[in-house]
Amino acid sequence: MNGTHCKADSSGVIPMVDTAKCEAKGECVKVCPYDVFEVTPRTPDEIAGLGFFSRIKARAHGNMIARTPGIDRCHSCSDCVTACPERAIQLVPRN
């Protein structure tokens, strides 16, 4: 995707990563034309906050997670939502 279909006004919604579902495969990083995402290690506190099965899943995937450090660059195109095989990303209203 090249981002040409993205909304001009991106003030309405932003991507939210469900930390219990994310397997850090990085598809969001690959498809985002605005560099909103990166995959980084989970913090010990993040791991501790997961349920039992989510901790096992996180460990199986290297305790990595997709994050949105470039969230201010998001144009609400939803390419990340479509690309995520775990359906761990959804667009939510900005606060």
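Nothing in this text is a laboratory measurement; each read-out follows from the coordinates by a stated rule. None of the values given here were measured: they were computed from a predicted structure. Don't worry about glycine lacking a Cβ; one is built from the backbone with ideal geometry, like all the others, and counts go over all protein chains shown.
Calculated [222 nm] ellipticity per residue, helices only, for the chain: -5500 deg cm²/dmol; basis is -39500 (n - 2.57) per DSSP H run with n ≥ 4, divided by all residues, nearest 500.
Using a simple spin-label model with pseudo-atoms 7 Å out from Cα toward Cβ, residue 53 and residue 35 lie 3.8 nm apart.
Relative contact order for region 13-93: what is it in percent, counting Cα pairs under 8 Å that are at least 6 residues apart? Numbers along the way, then the final one.
Details: 133 pairs, mean separation 42.0, N = 81.
Averaging sequence separation for qualifying contacts and normalising by length gives 52 percent for region 13-93.
Around the Cα centre of region 13-93, unit charges on the Cβ atoms of Lys, Arg, Asp and Glu (plus for the first two, minus for the last two) sum to a dipole of about 260 debye.
Just want the answer: with Cβ charges of +1 for Lys and Arg and -1 for Asp and Glu, which residue in 58, 83, 28 is farthest toward the dipole's positive end in the chain? The one lying farthest along the dipole's positive direction is 58.
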